[in-house]
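The values are calculated or read from the model by the stated rules, or taken from the named source; none is laboratory data. Bear in mind the structure is a predicted one, so any value in this text is a computation, not a measurement. Neighbour counts run over all protein chains shown; Cβ positions are idealised from the backbone, glycine included.
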Amino acid sequence: MADNQSPERFGQTPWQTVGPFFHYALPWKGGADLVGTSDLGARPDLIPSGHDLLHVAGPRGPVAGDIIEITGRVTDGAGEAVPDALVEIWQADSAGRYPSEADPSLAPAFPGFGRAATDEDGTFRFRTIRPGRVPGPGNSLQASHIAVGVLGRGLIKRLVTRLYFEDGEGLEDDPILGLVPAARRATLVARRAGDALWRFDIRLRGEHETVFFDI
């Protein structure tokens, strides 16, 4: 059993608490394109040729709503890029409906879920539709938003936050955004960067750290 401790045979245990497995096993081609058939989402440069045959998004029908793109960077406490993060989104369709296995008639062409790997600059990008408003606590109506999850090295659990739109109706009355101190709400708001392009940066620590929620 002494061989089990041999550094010559096994080498040093990787130092990462989580990862760096994300680019190889979890993203897939088209995983960040919720409305089309592009390869957006994966990092082909990090996947050996022939190893991504099953990592392709399935066919989709036409999707109603305003098509938008969301881009941003994941950075650490020093403001440096996090090149091996995985960003996930979960959202309603343009009519405020979530996909449902129990009722396939709800948003049948729109998956509602996407996953993107960050590149060497920490940048991620999604193509999706602007979601409609959905019901909230106490018969309230939430502002249009997208749930965002982040996985990355050194994170022992998935981080969860929200993306709101700066011109979104109901921001001042949103029951979840209202739980966040006013001075920090800006970290949850995407800014328009073009006709259909929105910018949403995610800061994991430090100054202007993104607000994350306990779930």
Is at least one residue of region 176-183 surrounded by fewer than 14 Cβ atoms within 10 Å (Cβ to Cβ) and closer than 27 Å to Asp119 by Cα?
no
Scanning region 123-137 residue by residue, the ones that are outside any strand (DSSP E or B) and in contact with a Lys or Arg (Cβ under 9 Å, 6 or more places away or on another chain) total 2
Looking only at region 192-201, decide whether some residue is touching a Leu at 6+ places or on another chain (Cβ under 9 Å) and within 19 Å of Gly77 (Cα to Cα).
yes
It is to be established whether one or more residues within region 14-32 are assigned to a loop (DSSP other than H, G, I, E, B) and modelled with pLDDT of 85 or more.
yes
Exactly one of (1) at pLDDT 90 or above; (2) within 15 Å of the chain's Cα centre (by Cα) is unmet by Ala95. Its number?
(2)
Set Arg158, Arg185: member being under 19 Å from the mean Cα position of the chain (by Cα) and modelled with pLDDT under 95:
Arg158
Report whether or not Ala78 is surrounded by fewer than 21 Cβ atoms within 10 Å (Cβ to Cβ), in contact (Cβ under 8 Å) with a residue 60 or more places away in the chain, over 19 Å from the mean Cα position of the chain (by Cα) and assigned to a loop (DSSP other than H, G, I, E, B).
yes
Restricted to region 151-171 and to residues being touching an Asp or Glu at 6+ places or on another chain (Cβ under 9 Å) and in a loop (DSSP other than H, G, I, E, B), the residue nearest to Pro135 (Cα to Cα) is Gly168
